[in-house]
Every structure is written in structure tokens, then in C-alpha cells.
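Trainee: Below is the structure I would like to discuss, written out as C-alpha cells.
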Amino acid sequence: MKIYIPIILMLLLGCKNVKTTSTNSVSNNTTTVPKYQKLNTFKGTTNDTLAYVRTSIIDRKSEYIGKELKVLLNDLELPINNYLIGLSNLRGISTDIRFKFYPKNVVELKKQAKIDPVILVIIWETPLPLDIVDPMVLKSKGVWTNEEQEYYSKQKVKDIGLVDYGFQ
């Protein structure tokens, strides 16, 4: 039980609502998926990271749902700075993973300034066993490494959303 305490504390301190509803860019009456836009399209905008993630990932999430995470990772132009695993009320499983694109201190500075940090949430089609993912996150201290890339790339995506702190 001791091994889960650091993860639980990290998750409790950083948890907020996750929005996984469809965005206004795609009407429920259409099956047209918006075209992927490269990250450099958003450079110089007020919040280029958020605009990129909303437009090129969230608005296009139907392109990733039901597929292995590697499909999304192949499109993602932002480096994953660190990550957290999500826990469930059911003991022993992880239901999701949360990607952070900024160093931890920048996430905290954004929250203090009442600016939503961009944290992408991937919900797994099949929850992952904690006895596999917990040692990985403890070993890497939440830094995205080749080991994480290799393991998580093969997992199937159920839904995609953003953590909503309610600032914006």
C-alpha cells in the first residue's frame, strides 16, 4: 500500500474536472473531422499550446478513439514534459494518463495566475494494471521516457479531454 501513496497524493493535489465533451468546431450532425493543423500555425497566438491541442487533437479526437495511443503520439508535435496516471475507485487499475507539456513549475505558475494549464487526458479503453504503470511512473518520477512511450503507445484510447480548472 505504501507504494501508491505518492501517486495518490500527486493525483489528489492536481485533480480537476476533465472535459471530454465534443467542442463547437464539429457539429454532432456531421462526420467531417477538422483538418489537422501544425503547431507552427498557432505560434504568436494568445495561447498557442491550448489552441493547438483543442484544434488539432480534441476537435479531431474521433481520429484517435478506438486506436492505439501511438496514432495520437505520431501527430502530437508538443513534447510531453511529464505525466500522471489516473486512479480509479476500483483498486489496482489506472483509468487514464495525463500529459503535461510544461515543466512542473510552469504548471503551478499558470494555476496561480488563474490560467488553465494545458493538460491532455487520455482515457483508456481498458484500464491498465497499477502493478505495471505505478512502478514505471515512480522510476521515471513522471518524466516521459522511451519506456513509457513503448508501453503506452500500444494502449487503446477510449476518450480524450482536457483538465478544466475553470479559469478560462
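The values are calculated or read from the model by the stated rules, or taken from the named source; none is laboratory data. This is a predicted model, so every value here is computed, not measured. Because the Cβ atoms are built from the backbone with ideal geometry, glycine has one as well, and the counts that use them run over all protein chains shown. Ligands, DNA and RNA are stripped out before the accessible areas are found, and what is left, the full protein with its side chains, is counted by its heavy atoms. Shrake-Rupley method; radii C 1.70, N 1.55, O 1.52, S 1.80 Å.
Trainee: Among the residues of region 109-168, write down those that are in contact with a Phe, Trp or Tyr (Cβ under 8 Å, 6 or more places away or on another chain), under 21 Å from Tyr52 (Cβ atoms), in a helix (DSSP H, G or I) and modelled with pLDDT of 95 or more.
Mentor: Answer for region 109-168, where residues must be in contact with a Phe, Trp or Tyr (Cβ under 8 Å, 6 or more places away or on another chain), under 21 Å from Tyr52 (Cβ atoms), in a helix (DSSP H, G or I) and modelled with pLDDT of 95 or more: there is none.
Trainee: Also, I was wondering about something else. In region 71-92, how many residues are touching a Leu at 6+ places or on another chain (Cβ under 8 Å), modelled with pLDDT of 90 or more and open to solvent by 40 Å² or more (accessible area, probe 1.4 Å)?
Mentor: 1
Trainee: Can I ask one more? Just need a number here: residues in region 136-164 that are over 14 Å from the mean Cα position of the chain (by Cα) and either open to solvent by less than 10 Å² (accessible area, probe 1.4 Å) or touching a residue at least 60 places away in the same chain (Cβ under 8 Å) (or both).
Mentor: Residues meeting the conditions: 3.
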